[in-house]
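Chemist: I'd like to ask you about the structure that follows.
The values are calculated or read from the model by the stated rules, or taken from the named source; none is laboratory data. Every value quoted in this text rests on a predicted model; they were computed, and no experiment measured them. Heads up, the Cβs are rebuilt from the backbone with ideal geometry, glycines too, and the neighbour counts pull from every protein chain shown.
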């Protein structure tokens, strides 16, 4: 009895194996889903880094579009670099202008001090000359004045006492028919007017 049972089991197992070989068992794909693949980024597509036919379809028009975008991007990068260089150049020029301005202000201050010193020395020298010429006789003073510019003579006369100035102008205005006498009289008139203007300006300061 048990022999028949064993034979029956073997026959059943053999039939099952034969059916499995002719019709293999398929596992449903839903039990093991495929991993999701993220789509390629715009940068990957533009830089031609993907060849996935589901995401990238290469055409002539798309090639031209990508090439145009790359050219525009390069142009923008060049402009940005140019702007950065220009900003650096402007910053350098600003520093140079600042240094130049400071140097000009320093030189101006130094020159102003020098001018003040020169004017003080000139005023002291003029006072010494005026004192010296005041102690001389008018004729000698006039002879010296003939070798000076009117501007310097006026400065010296402005530091002399009125009576001494009058004596000098009197010497210069002595009558005579010689041309040099007439020239000296005309110069005395010019010096008188310039001295008047000089004293007026000095009083207004």
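Chemist: Which condition from (1) within 54 Å of the chain's Cα centre (by Cα); (2) modelled with pLDDT of 90 or more; (3) exposed (fewer than 13 other Cβ atoms within 10 Å of the Cβ) is the one that residue 156 breaks?
Modeler: Of everything listed in (1) within 54 Å of the chain's Cα centre (by Cα); (2) modelled with pLDDT of 90 or more; (3) exposed (fewer than 13 other Cβ atoms within 10 Å of the Cβ), residue 156 misses just condition (3).
Chemist: Additional query: For residue 133, only one of the following conditions fails: (1) in a helix (DSSP H, G or I); (2) modelled with pLDDT of 90 or more; (3) under 17 Å from residue 202 (Cβ atoms). What is its number?
Modeler: Failing condition for residue 133: (3).
Chemist: Within the range 171-184, restricting attention to residues that are touching a helix residue (DSSP H, G or I) at 6+ places or on another chain (Cβ under 7 Å) and in a helix (DSSP H, G or I), which residue is surrounded by the most Cβ atoms within 10 Å (Cβ to Cβ)?
Modeler: 172
Matching residues to (1) without any contact (Cβ under 8 Å) to a residue 40 or more places away in the chain; (2) farther than 22 Å from residue 202 by Cβ:
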position	(1), (2)
108	yes, yes
116	yes, no
128	yes, no
149	yes, no
155	no, no
160	yes, no
169	yes, no
179	yes, yes
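Chemist: List pairs: first residue in the range 181-205 and modelled with pLDDT of 90 or more, second residue surrounded by fewer than 15 Cβ atoms within 10 Å (Cβ to Cβ) and in a helix (DSSP H, G or I) anywhere in the structure, Cβ distance under 7 angstrom, at least six positions apart or on different chains.
Modeler: Between residues of the range 181-205 that are modelled with pLDDT of 90 or more and residues that are surrounded by fewer than 15 Cβ atoms within 10 Å (Cβ to Cβ) and in a helix (DSSP H, G or I), the close pairs are 190/150; 191/150; 194/150.
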